[in-house]
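Some notes on the structure that comes next.
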Amino acid sequence: MLRLLRRLGRPLGKVIEQLGRIAAFTGHILAVTVHPPLRLREFVDEVFKAGVLSILIICVSGMAVGMVLGLQGYNTLVRFGAENSLGAVVGLSLIREMGPVLTALLTTGRAGSAVTAEIGAMKATEQLDGLRMMAVDPIDYVIRPKAWAMVVAMPLLSALFIVAGIAGGYLVGVVLMGIDSGTFLSSLENAVDFDDDVAGSILKSVIFGTLVGLISTYRGYSATPTSAGVSAATTSTVVLASVSVLIFDYFITALWRV
Amino acid sequence: MAYGSRAVLRGVSCAFPPGTISVVLGGSGSGKSTILKLVGGLLRAQAGQVVVGGRDITSLSESQLYGVRRRLGMMFQNGALLDSLSVLENLSFPLREHSRLTRDQIKTRVHERLAAVGLEDVDDLMPRELSGGMVKRVALARALMQDPEILLVDEPFSGLDPLSTKLIEALLVRINRTRGMTMIVVSHHIPSTMRMAGHVVLLLPGSVVQGDPAALRSSEDARVRRFLTEDTDASEQILAHTHEFEAGEHAPVRRGGA
Ligand SMILES: Nc1ncnc2c1ncn2[C@@H]1O[C@H](COP(=O)(O)OP(=O)(O)OP(=O)(O)O)[C@@H](O)[C@H]1O
Ligand SMILES: [Mg+2]
């Protein structure tokens, strides 16, 4: 038993140390956030990189997921003669689960990895030290806009994913399977509750955005400043961010019932 | 100073007199860049003191260091330009961060500094579009943007043609004369070193020799003479010695105030 504890102890200590560092890092980001200048230009640039450039992949994936949901939902519901509720099934699964989670996973792969790689490369080429020598805090100038951009972009992308998904479900349900358009839409409208479903969906994606933003910037900032170090950090961002999104998803769902 | 368990600069004590151009000489890997990074507070020595402008910076926190760094300008060995910004934006950056000058005033100052290092019409080029020698000169111009009290320059002459070398040498001497700027220049270029230096610090395996250029030239020490005579065979011998020097252990670093 003791030996087991000891064996668990070391990695556990490492995990706790890492968590402590991430907490300090987060505190640092918050501290520089409340200080002027605002760095709107850098922030807008980052939202563009994380958000606007992800629009296509989000729309295509949302559409595809919506179509699959439409098809699977229809095939299941039709057994119970309940195909008229297809709108509710597609809408609710997208809003409550699929939208925020899949958007977070896609954004991690598309934008989170890029953030880590960029910061890591800046570190490897001494650009971060260069900033420090110009008396500019790299956490303020480089990290802060990237982290916040992720928090802001995530709910917007998730909303887009949901809209594209509902369109996909509509396409399959109404156009292919012949459900009445009015029936589909009113089932959707009646099922979705703003406070519960929509607010919960936004909460989820804001939390996921924070997670992905923090992990991707932290991994880049703490990367070993070599090509191999940066590539390892990028991989670890994708793994760590994806896994934590899925784990947090369970707890948010369990705690807030969204 | 040690990187992990790898000790560099062991028991080194040297002073850089204010208002003077000090040149740091030493074999590749002898720790010249490391000295500059210690003075800039980018690295922390395991033991000993680093005194800048009468202030011991070894005990300062990172945020206190930003105050010290505003009086320093540093040109990194690899330039460390921000590669997402154009040359104009790179040079404007320190002034945009720390001064209240208008856009036009900044632009005028940028062109002034670029002309001083012998560059023109490079405003819109990105760092990756510059040659090695151009990067060096842009980086030097950036270090000079805020008229620092102390200028740290890492190998300004490597990769430059003879004409540019003369130009940069003359520029450094002129600034030093007119503004009384303290300069620490790392260089391999013996002739220009001997012309411009008011003080020379030579890092030898296991020891440091310092003094004014004339004193060093007439030094009795065979190693010093070999280093200064530009004899390639001799230089290589010194390089061979340097490796023994690096393999020491943690030890005090002391640096007199500039
Ligand atoms: N980040 C680091 N980690 C481990 N060792 C390092 C690191 N940076 C430098 N060193 C070691 O410290 C020693 C001094 O390095 P430094 O860059 O100061 O040398 P230098 O005198 O500037 O050489 P050069 O003339 O080639 O630029 C070298 O032997 C190098 O191996
Ligand atoms: Mg060097």
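About its Cα centre, the dipole of segment A:91-223 is roughly 500 debye, where the only charges are +1 on Lys and Arg Cβ and -1 on Asp and Glu Cβ. Taking all Cα pairs closer than 8 Å and separated by 6 or more residues, the relative contact order of segment A:40-256 comes to 37 percent. Farthest toward the positive end of the dipole of chain B, out of B:LEU202, B:HIS188, B:GLY29, is the Cα of B:LEU202, where the dipole comes from beta carbon charges about the Cα centre. Between A:ALA232 and A:ARG257, the simple spin-label model (points 7 angstrom out along Cα→Cβ) gives 4.7 nm. In order along segment B:136-143, phi translates into HN-Hα couplings of 4, 6, 4, 5, 5, 4, 5, 5 Hz, rounded to whole numbers, per the Karplus curve 6.51 cos²θ - 1.76 cosθ + 1.60 with θ = phi - 60° and x for Gly and Pro. Centre-to-centre, using Cα atoms only, segment B:78-138 and segment A:176-197 are separated by 58 Å. Quick check: the angle from helix A:113-124's long axis to the longest principal axis of chain A, C-alpha only, nearest 10 degrees? With both axes taken from Cα atoms, the answer is about 10 degrees. If a spin label sat at a point 7 angstrom from the Cα of B:SER28 along the line to its beta carbon, the backbone N atoms of segment B:143-183 nearer than 16 Å would be those of B:155-160. Could you work out the mean projected area of the convex hull around the alpha carbons of segment B:86-150, in square nanometres to one decimal? Reported value for the Cα convex hull: 4.3 nm².
Given a Förster distance of 35 Å, report the FRET efficiency between A:VAL68 and B:SER99 from their Cβ-Cβ distance, rounded to the nearest 0.05. About 0.05, to the nearest 0.05.
Dipole of chain A computed with +1 at Lys/Arg Cβ and -1 at Asp/Glu Cβ about the Cα centre; of A:PHE251, A:ILE143, A:LEU131, farthest Cα towards the positive end is A:LEU131. Taking amide H positions as modeled 1.01 Å from N, with prolines and chain starts lacking one, the residues under 5 Å from B:VAL52 and 5 or more places away or on another chain are B:ILE57.
If each residue's Cβ is checked for other Cβ atoms within 10 Å, how do A:GLU42, B:GLU120, B:GLU97 rank with the fewest at the top?
Listing A:GLU42, B:GLU120, B:GLU97 from fewest to most nearby Cβ atoms yields B:GLU120, B:GLU97, A:GLU42.
Potential lengthening of the chain between B:ASP161 and B:SER218 amounts to 17.6 nm, from the contour at 0.36 nm per residue minus the alpha-carbon distance.
Would you work out the charge dipole size for segment A:1-60 about its Cα centre, treating the Cβ of every Lys and Arg as +1 and the Cβ of every Asp and Glu as -1, and quote it to the nearest 20 debye? Numbers along the way, then the final one.
Numbers: 9 positive and 4 negative charges, 124 e Å.
Around 600 debye, computed over segment A:1-60.
Close amide H pairs (under 5 Å, H built 1.01 Å from N) link A:VAL136 with no residue at least 5 positions away or on another chain. The phi-based Karplus calculation (6.51 cos²θ - 1.76 cosθ + 1.60; θ = phi - 60°) puts the 3J(HN,Hα) values of segment A:94-104 at 5, 5, 7, 10, 4, x, x, 5, 5, 4, 4 Hz, whole numbers, x for Gly and Pro.
Compared with the dominant principal axis of the Cα atoms in chain A, helix A:144-170 is inclined by about 20°.
Spin-label model, A:ARG6/A:THR26: points 7 Å from Cα along the beta carbon direction are separated by 3.4 nm.
Under 5 Å between amide hydrogens, built in the peptide plane, is the criterion, and for B:THR182 it picks out B:GLY19, B:LEU151 among residues at least 5 positions away or on other chains.
Taking the number of Cβ atoms within 10 Å of each Cβ as an exposure proxy, the fewest-first ranking of A:ILE119, B:ILE106 is B:ILE106, A:ILE119. Measure out, as a whole number of angstrom, how far apart the alpha-carbon centroids of segment A:90-161 and segment A:201-258 sit. A separation of 9 Å, based on Cα centres.
Of B:LEU144, B:LEU72, B:LEU85, the residue with the greatest mean-square motion in the GNM of chain B, using alpha carbon springs below 10 Å, is B:LEU85. Counting only alpha carbon atoms, the long axis of helix B:87-98 and the longest principal axis of chain B meet at about 90°. With the simple spin-label model, which puts each label point 7 Å out from Cα in the Cβ direction, the A:ASP180 to A:ARG79 separation comes to 2.6 nm. A simple charge model with +1 on the Cβ of Lys and Arg, -1 on the Cβ of Asp and Glu and nothing else charged puts the dipole of chain B at about 820 debye relative to its Cα centre.
Cross-link check: pairs A:LYS49/B:LYS37; A:LYS14/A:LYS49; A:LYS123/B:LYS166; A:LYS123/B:LYS32 evaluated at a Cα-Cα cut-off of 25 Å; pairs beyond the cut-off: A:LYS49/B:LYS37; A:LYS14/A:LYS49; A:LYS123/B:LYS166.
Each value in this text was obtained by applying a stated rule to the coordinates, not by laboratory testing. On a predicted model such as this, the values are computed, not experimentally measured, just so you know. We place every Cβ from the backbone using ideal geometry, glycine too, and count neighbours over all the protein chains shown.
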